[in-house]
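Undergrad: This structure is in structure tokens; I'll ask about it shortly.
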Amino acid sequence: MSSELKLEAETGRDHGSRSARRLRRSDKIPAILYGQGSEPLSVTLDRLKFRATLNAAGPNAVITLDVDGTDYLTIVKNMQRDPIANRVTHVDFMLIDIDQRLTVDVPISLVGDAAVVRQEGAVVQQQMMTLTVEAPAGNIPQQFEVDISEMSIDNPVRVSDIAFGSGVVPQAEEDALIAIGQRSRASIAAEEEADVEGEESDELGEGAEAGEDAADDADAGEDAGDNS
């Protein structure tokens, strides 16, 4: 079984940093293919075709790598990037079997409107950006979309709220937090100010009641004096 995504690669490139720089200047990317006990194979990719394939595939998709007419089932195991230009400078492809179980990091995307969180004077804070899972190579999720519509401060989103596909096993505890409602400093300060004002109001009320009680006692004393 092969994947629907196919990418061409060529062998025969020279090794070394000078050769790699020449390739990159001509919009090529040096890469290596390894795994399943085979000798590592150095190949060259067309940058534009690799980018288009990766955009269509997602980070964990199975890609059929056509190397000089021979197909290899692979996933992208690692990509190196230029820290300034953020361009891919090298790619590692790992040979796989379609039924092989792999451990990968899957991105998490929050969807929906956390209206209750806003009403509570809080904002949504994403605690987990990716989730590590073990899954068959042919059934690796490209991302998890997590609905935050029912969130509240007391009801955060946890790993147990994700619907996993067949054979997909999370490598995190079920109660691990994905997103929480975090109170803003402004809302906390406003609440504290309201509490202080409430306490002061209670103290004033108690003082007024004490004054009224004292006045009532004085009136009662005067009445007693008149009666005597």
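Readers should treat all values here as calculations from the given coordinates under stated rules, not as data from a laboratory. Not measured: the values here are computed from a predicted model. As a convention, Cβ positions derive from the backbone with ideal geometry for all residues, glycine included, and neighbour counts pool all protein chains shown.
Undergrad: Place a point 7 Å from Cα of Asn78 in the direction of its Cβ. Which residues in region 88-102 have their backbone N less than 14 Å from it?
TA: Zone members listed by number: 89-95.
Undergrad: Out of residues 5 or more away from Ile108 or on other chains, whose amide H comes under 5 Å of its own, with H placed 1.01 Å from N in the peptide plane?
TA: Thr130, Leu131, Phe144
Undergrad: Provide the percentage of antiparallel DSSP beta bridges, counting only those with both residues in region 103-183; round to the nearest 5.
TA: Antiparallel: roughly 80 percent of the beta bridges in region 103-183.
Undergrad: Take each of the peptides 4-10, 166-172, average the number of other beta-carbon atoms within 10 Å over its residues, and list them starting from the highest.
TA: Highest mean packing first, the order is 4-10, 166-172.
Undergrad: If you don't mind, another one. Would you mind counting up the charge near Met79? Only other residues with Cβ under 14 Å from its Cβ, with Lys and Arg at +1 and Asp and Glu at -1.
TA: So the surrounding residues net to +3.
Undergrad: Moving on. Given axes a ≥ b ≥ c from the Cα gyration tensor, I'd like to know whether region 58-108 is rounded (a/c under 1.5), prolate (a/b larger than b/c) or oblate.
TA: In terms of gyration-tensor shape, oblate.
Undergrad: Quick one: length gained pulling Gln142 to Arg22 fully straight, 0.36 nm per residue minus the C-alpha distance?
TA: My answer for the length gained is 39.9 nm.
Undergrad: Subtract the Cα-Cα distance of Ser109 and Lys6 from 0.36 nm times their separation in residues, and report this length gain in nm to one decimal.
TA: 34.4 nm
Undergrad: Which FRET efficiency, nearest 0.05, do Phe164 and Ala56 yield, Cβ-Cβ r, R0 35 Å?
TA: According to the calculation, E is roughly 0.90.
Undergrad: Would you please put 89-97, 34-42 in order of how densely packed they are, using the mean number of other Cβ atoms within 10 angstrom per residue and starting with the highest?
TA: Packing order, densest peptide first, comes out as 89-97, 34-42.
Undergrad: Can you check what the net charge comes to around Asp147, using other residues whose Cβ is under 14 Å from the Cβ of Asp147 (Lys, Arg +1; Asp, Glu -1)?
TA: Surrounding charge for Asp147 is -3.
Undergrad: In addition: What's the FRET efficiency of Arg185 with Ser38 using the Cβ-Cβ distance as r and R₀ = 45 Å, to the nearest 0.05?
TA: Efficiency, from the Cβ-Cβ distance: 0.20.
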